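Take a look at the structure set out below.
The values are calculated or read from the model by the stated rules, or taken from the named source; none is laboratory data. None of the values given here were measured: they were computed from a predicted structure. Glycine gets a Cβ as well: all are built from the backbone with ideal geometry, and neighbour counts include every protein chain shown. For accessibility, only protein heavy atoms count, side chains too; no ligands or nucleic acids. Shrake-Rupley method; radii C 1.70, N 1.55, O 1.52, S 1.80 Å.
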Amino acid sequence: MKITILGSTSTIGVNTLSVLSGIAKKYKIFALTAKSNYKLLFQQTKLFKPSYAVLICPESAEKMHQLCKKNNLKTKILCGTKYLSYVSTHSKCSCVMSAIVGSAALEPTLNAIQKGKKIFLANKESLVMSGDLLIKNAKKYNSLILPIDSEHNAIFQLLFASGLSYRLGDSAYYDKNIDEMILTASGGPFIDSPLSQLRNVTPSQAIKHPNWKMGKKISVDSATMMNKGLEVIEASILFGLSYKKIKVMIHRQSITHAIITFKDGAMLSHMSDHDMKIPISFALMYPSRCDLSIGKLDLTKTKELTFFPVDKNKFKCLSLAYEAIKIGLNAPTILNAANEIAVNNFLKNKIKFTDIPVIIEKALNEVPFRKNTSLAKIIENDRNVREFTEDLIRRKM
């Protein structure tokens with residue numbers, strides 16, 4: 001089975017290659033892609049020898065080409081976003097790990113689905129932006145979407161363990177059996193900080209997650225709790241459950257990743273060490289499991305497992321995500337685009353940390369709601385929201 005990894009230099013991409021190195025007999029690397037990190041991409045290419053390596057940045061692509069030529073590597077180097085879809089839909093590629101952060105993953109992921117590829121979905125923005133477009137196409141073209149996010153993968157594993165089928169977006173089936181899904185959140189770096197102090201948060205402080213080492217954008221999303229808000233939207237779309245049945249609880253230990261409450265009152269939880277190789281390996285090997293040879297969770301060394309509700313006054317981004325999924329239509333697209341622009345400007349020190357939810361709320365209040373029925377309309381809407389948000393920030397809101 002040949003796999004394309006979109007975003008192989010990301011945290012998910014690196015962990016995926018780590019898992020694949022132990023199950024080489026099942027998978028062969030068809031293509032690897034990165035935005036500009038040609039140095040890491042070259043090391044990965046040298047080790048896994050894919051047919052193609054794609055870089056978005058022209059300068060990085062040229063440097064990658066020279067390195068491969070110097071080292072006699074036969075991997076073909078491609079440059080440009082259009083080649084993300086090329087390597088995802090290629091007839092020799094059977095499955096795709098969608099690990100690009102942000103909206104850039106939507107088009108190649110959808111195109112791969114329309115070719116009937118198996119999708120390992122680590123990019124939550126694709127589902128959030130497109131609503132049920134990915135799900136409808138997956139059903140139409142017989143493409144299987146398996147979640148990689150630790151919380152959604154945990155739900156996936158709980159469904160598997162409880163004997164329930166995994167059915168994309170089947171609201172009637174899941175509503176019949178499940179009373180509530182609980183996604184857990186570490187709370188990020190500011191869980192103990194009073195709201196009054198958050199205005200002075202710096203980008204370097206926001207990207208220091210207490211439990212995980214992640215990219216800058218997703219780390220800021222974790223700090224604002226928008227990451228969990230996007231996960232609520234993703235879970236609602238992926239499993240077809242009403243947002244009213246999807247709850248978020250703070251669980252600082254990051255050991256319990258999700259809990260399902262069934263109609264009879266029984267609760268099942270998924271626990272594991274916070275290592276992304278665990279959900280990645282389950283999706284890659286589903287319905288089997290593999291021996292990862294990593295440290296197993298020792299509950300005797302776990303002093304406590306605590307759960308408590310989210311302070312929605314402090315973490316308003318989570319409330320905005322619930323509001324977006326309640327509104328429906330293109331509200332999640334607006335939420336996601338405005339958030340990406342706001343976070344990017346925060347990382348550049350152009351706005352305050354506490355400005356992020358203010359900007360997103362203004363976008364939700366001022367950008368017209370409509371139904372996005374095609375990829376073209378989603379991309380157009382996404383672009384318009386980004387332009388609106390950039391202009392809003394330039395005008396100092």
(request) Specify the residue with the greatest mean-square fluctuation among K28, K115, K92, computed from a Gaussian network of the chain linking alpha-carbon atoms under 10 Å apart. (result) K92
(request) Determine the relative contact order of the range 134-259: mean sequence separation of Cα pairs under 8 Å and six or more apart, normalised by residue count, in whole percent. (result) 38 percent
(request) Evaluate the charge dipole of the range 8-87 about its Cα centre and quote only its size in Debye, nearest 20, assuming +1 on the Cβ of each Lys and Arg and -1 on the Cβ of each Asp and Glu. (result) 300 debye
(request) Label the range 1-142 by shape, choosing from rounded, prolate and oblate, from the square roots a ≥ b ≥ c of the eigenvalues of the Cα gyration tensor; if a/c is under 1.5 it is rounded, and otherwise prolate applies when a/b is larger than b/c, oblate when it is not. (result) prolate
(request) Quote to one decimal, in nm, the extra length available between S196 and L299 on full extension: 0.36 nm per residue of separation minus the C-alpha distance between them. (result) 33.4 nm
(message) Once neighbouring chains are kept in place and the probe is 1.4 Å, which whole percent of the accessible area of the chain is contributed by carbon and sulfur?
(response) 51 percent
(message) Test of understanding: what is the full-extension gain from D291 to E387, defined as 0.36 nm times their sequence separation minus their Cα-Cα distance?
(response) 29.8 nm
(message) Of T300, L320, I356, which is farthest towards the positive pole of the range 252-397's charge dipole, taken about the Cα centre with +1 and -1 on the beta-carbons of Lys, Arg and Asp, Glu respectively?
(response) I356
(message) Using 0.36 nm times the number of residues separating V358 and K92, minus their current alpha carbon distance, what extension gain do you get?
(response) 91.1 nm
(message) What does the net charge come to around S18 if you take all other residues with beta carbon closer than 12 Å to its beta carbon, with K and R at +1 and D and E at -1?
(response) 0
(request) Answer with one residue from S269, T333, A112: the one whose Cα lies farthest towards the positive end of the charge dipole of the chain, charges on Cβ with Lys, Arg +1 and Asp, Glu -1. (result) A112
(message) Running a GNM on the chain with Cα contacts under 10 Å, which residue among L133, L195, L84 ends up with the highest mean-square fluctuation?
(response) L195
(request) Would you grab the residues whose amide H sits under 5 Å from the one on D179? Only those 5+ places off in sequence or on another chain, please, with H modelled 1.01 Å from N. (result) T261, F262, K263
(message) With a cap of 10 neighbouring Cβ atoms within 10 Å, and only residues DSSP puts in a loop, list the trypsin sites (Lys or Arg not before Pro) found in the range 330-360.
(response) K348
(message) Beyond a 28 Å Cα-Cα separation, which of these cross-linked pairs lie in this structure: K117/K312; K228/K277; K245/K371; K140/K213?
(response) K117/K312; K140/K213
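Express the accessible area of the chain per residue in Å², computed with a 1.4 Å probe while the remaining protein chains stay in the model.
On the way: 17620 Å² over 397 residues.
Heavy-atom SASA per residue in the chain reads 44 Å².
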(request) Sort the following peptides by mean Cβ neighbour count (other Cβ atoms within 10 Å, averaged over residues), highest first: 248-258, 154-164. (result) 248-258, 154-164
(request) With label points built 7 Å along Cα→Cβ from the Cα atoms of K2 and I23, find their separation and express it in nm. (result) 2.0 nm
(message) Run the helix sum for the chain: -39,500 (n - 2.57) per DSSP H stretch of 4+ residues, divided by residue count, reported at 222 nm to the nearest 500 deg cm²/dmol.
(response) -14000 deg cm²/dmol
(message) Running a GNM on the chain with Cα contacts under 10 Å, which residue among S288, S88, S103 ends up with the highest mean-square fluctuation?
(response) S288
(request) Would you kindly derive the ³J(HN,Hα) couplings of the range 51-64 from the backbone phi angles with the Karplus curve 6.51 cos²θ - 1.76 cosθ + 1.60 (θ = phi - 60°), listing them in order in whole Hz, with x for Gly and Pro? (result) 5, 9, 10, 10, 10, 7, 7, x, 4, 5, 4, 5, 5, 5
(request) Quickly work out the E366-to-F308 label distance, labels modelled 7 Å from Cα along the C-beta direction, and quote it in nm with one decimal. (result) 3.7 nm
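Counting pairs of alpha carbon atoms under 8 Å apart in space and at least six apart in sequence, what relative contact order in percent does the range 268-397 give?
Working: 91 pairs, mean separation 27.0, N = 130.
After rounding, I find 21 percent.
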(message) Under a crude label model (7 Å from the Cα following the beta-carbon direction), how far is A266 from Y173 in nanometres?
(response) 1.9 nm
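Dipole magnitude of the chain about its Cα centre, charges +1 at Lys/Arg Cβ and -1 at Asp/Glu Cβ only, in debye to the nearest 20?
Roughly 1340 debye for the chain.
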